[in-house]
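The values are calculated or read from the model by the stated rules, or taken from the named source; none is laboratory data. Because the structure is predicted, anything quoted here is derived from the model rather than measured. For neighbour counting, all protein chains shown are included, and Cβ atoms are generated from backbone atoms with ideal geometry for every residue, glycine included.
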């Protein structure tokens, strides 16, 4: 997995050492990259979905990418609050994400399957950060991670339900 910018964390005293803030920031950078990649994929599918479920999926995907657009801002701002630079380029996100880009236009059910897998992958990324966050007693980051996992688990369930 890639790392965020190698610049030293800003000098600050919020009860977390620079090393801990760096480790949490690295994890959050992966979450940001996964979330932004999922945002792009969901927006792409919103634009390109066709078939009998068009209206349902078009509206559902719009709700999902709108929520993700807000989420990426929250994640990036938490990275900044820890005194670290937030990644913000396609190249950085591509190096940090575990999600696969979709270059074609899959059938609607394949879109749903991909988004279920991607929502679950984002949950795993968020969950993977918890050990260092809990050990550091970083409640603001723990709260953010909990909220993100709740959203992605619910979204995966809703998408999965469309598959029967």
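Any residue at all in segment 18-28 that's modelled with pLDDT under 95 and surrounded by fewer than 13 Cβ atoms within 10 Å (Cβ to Cβ)? Yes, some residue in segment 18-28 is modelled with pLDDT under 95 and surrounded by fewer than 13 Cβ atoms within 10 Å (Cβ to Cβ).
Output the number of residues of segment 74-91 satisfying the condition of being within 14 Å of residue 33 (Cβ to Cβ) and free of Cβ contacts under 8 Å to residues at least 24 places away in the same chain. Of the residues in segment 74-91, 4 are within 14 Å of residue 33 (Cβ to Cβ) and free of Cβ contacts under 8 Å to residues at least 24 places away in the same chain.
On the given criteria, is residue 96 at pLDDT 95 or above and farther than 30 Å from residue 13 by Cα? Spell out the reasoning first.
On the way: at pLDDT 95 or above: yes; farther than 30 Å from residue 13 by Cα: no.
Against the criterion (at pLDDT 95 or above and farther than 30 Å from residue 13 by Cα), residue 96 does not qualify.
State which residue is surrounded by the fewest Cβ atoms within 10 Å (Cβ to Cβ) when the search covers only segment 138-164 and only residues that are outside any helix (DSSP H, G or I) and without any contact (Cβ under 8 Å) to a residue 60 or more places away in the chain. Even if it seems obvious, please write down each step before you answer.
If we filter segment 138-164 for residues that are outside any helix (DSSP H, G or I), which is where we start, we get 138, 163-164.
Those still in the list that are without any contact (Cβ under 8 Å) to a residue 60 or more places away in the chain too: 163-164.
On the way: 163: 9, 164: 5.
Taking the candidates together, the pick is 164.
Table: residues versus (1) on the phi > 0 side of the Ramachandran plot; (2) out of contact with any helix residue (DSSP H, G or I) (no Cβ under 9 Å at 6 or more places or on another chain); (3) crowded, with 16+ Cβ neighbours inside 10 Å; (4) in a loop (DSSP other than H, G, I, E, B).
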| site | (1), (2), (3), (4) |
| --- | --- |
| 55 | no, yes, no, no |
| 62 | no, no, no, no |
| 73 | no, yes, no, no |
| 83 | yes, no, yes, yes |
| 93 | no, no, yes, no |
| 100 | no, no, no, yes |
| 105 | no, no, no, yes |
| 119 | no, no, yes, no |
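Contact annotation: residue pairs with Cβ atoms under 6 Å, 6 or more positions apart or on different chains, pairing a residue in segment 9-22 that is assigned to a loop (DSSP other than H, G, I, E, B) with a partner that is at pLDDT 85 or above and surrounded by 12 or more Cβ atoms within 10 Å (Cβ to Cβ), are 9/18; 9/21; 9/22; 9/83; 9/84; 10/83; 12/83; 16/136. For the residues 31, 40, the requirement of being within 18 Å of residue 77 (Cβ to Cβ) and modelled with pLDDT of 95 or more singles out 31.
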